[in-house]
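J.: Pasting in a structure now, in structure tokens, and then I'll have a few things to ask.
The values are calculated or read from the model by the stated rules, or taken from the named source; none is laboratory data. Owing to the predicted nature of the structure, the values given are computational and were not obtained by experimental measurement. Ideal geometry is used to build each Cβ from the backbone, glycine not excepted, and the neighbour counts take in all protein chains shown. These area figures cover heavy atoms from the full protein model, side chains too; ligands, DNA and RNA do not enter into them. Shrake-Rupley method; radii C 1.70, N 1.55, O 1.52, S 1.80 Å.
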Amino acid sequence: MMKLTNLFALCMVMIIVSMLGFLVENIWLAMTKGYMDNRNMCFPFLIGYGIAMLLILLIIGTPKKMWIFGKLLRIQNRMLRILVYFLVVMMCISVGEVMMGVFVEKVCHFSWWDYSRLPLHITQYTSIPTSMMFASMVTLFMQHCLEPLFHFFVKWDYDVLRTITIVLMGIMIGDFLYSAHLMYKTGGMIRRWQVDMTGNRLYKRLHT
């Protein structure tokens, strides 16, 4: 029972991260392009962010407890440990973005995103500034939010936790598979709604 509870709690954290990914991408779009949209999905989840969190947790753990695939790294200096964690996460993000971007381009025959206009870009799918930004957010989340969220969900009633986790994971995975199928079939992004943000004060300040 305890193992299942931990698994469901971790899945709930993954769901939260997937929702945060949806929010982060829309904030980025609002600031840079002046709109928000559905990010190719029906529901506000980007499962890639949740999967990335699980992979990072598997590969390097957290800033408080670092490892390489389970083998503990004993770095006593706290700032050095956080810096090493940040750099490894940044590398993982850069490699992951290029792999995902190239995969979608080869399979679905369109470019999902393009960082070519950004300074220090490495191919159109990743750049040092964006990787640093994402790595900073990941490091902060893994340092301060992962464990509190996990323990919060562990304390839920088991039946409630199981039911909500299964329903939300089902929705998120189903939405991802359905949207991926449509992107493959149409060879493009699936835009269901879009909100104009060019009238926002922040956007005007950034683009004047």
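J.: Straight-line reach from K64: which lysines have a Cα under 24 Å away, not including same-chain ones fewer than 8 places off?
T.: Partners found: K3, K155.
J.: Before rounding to the nearest 500, sum -39500 (n - 2.57) across all DSSP H runs of length at least 4 in the chain and divide by the residue total; then give [θ] at 222 nm in deg cm²/dmol.
T.: Per the formula, -22500 deg cm²/dmol.
J.: Further question on the same structure: Over 24 Å, how big is the tail of the calculated P(r) for the chain, in percent of all Cα pairs?
T.: When every Cα pair of the chain is considered, 50 percent fall beyond 24 Å.
J.: I'd like the FRET efficiency for H207 and V107, computed as 1/(1 + (r/R0)^6) with the beta carbon distance as r and R0 of 25 Å, rounded to 0.05.
T.: 0.15
J.: Moving on. Whole number in Å², please: accessible area per residue of the chain, 1.4 Å probe, ligands, DNA and RNA not counted.
T.: 60 Å²
J.: Provide the gained length on full extension for the span Y35 to V98, in nm with one decimal, where the gain is 0.36 nm per separating residue minus the Cα-Cα distance.
T.: 20.2 nm
J.: By the gyration tensor of its Cα atoms, with a ≥ b ≥ c the square roots of the eigenvalues, what is the shape of the stretch 1-99: rounded for a/c under 1.5, prolate for a/b over b/c, or oblate?
T.: oblate
J.: How big is Rg to Rh over the stretch 51-164, alpha-carbon atoms, Rh as the Kirkwood inverse-mean-distance radius?
T.: Radius of gyration relative to Kirkwood radius: 1.06.
J.: What is the spin-label model distance, in nm, from I75 to T198 if the labels are put 7 Å beyond Cα along the C-beta direction?
T.: Label at I75, label at T198, 4.5 nm between them.
J.: Let me ask another. From the phi angles alone, apply the Karplus equation (6.51, -1.76, 1.60; θ = phi - 60°) to the stretch 197-208 and give each ³J(HN,Hα) in whole Hz, x where the residue is Gly or Pro.
T.: Per residue, the Karplus-derived 3J(HN,Hα) values read 10, 5, x, 5, 4, 5, 4, 5, 5, 6, 10, 10 Hz.
J.: Pick out the long, greasy-scoring helices in the chain: whole DSSP H runs spanning 30 Å or more along their own axis by Cα, mean Kyte-Doolittle at least 0.0.
T.: Helix filter hits for the chain: 2-32, 78-108, 158-186.
J.: Once you have the Cα-Cα distance between E147 and L182, take 0.36 nm times their residue separation minus that, and quote the gain in nm to one decimal.
T.: On the way: separation 35, 0.36 × 35 = 12.60 nm, distance 3.60 nm.
Contour length minus the Cα-Cα distance gives 9.0 nm.
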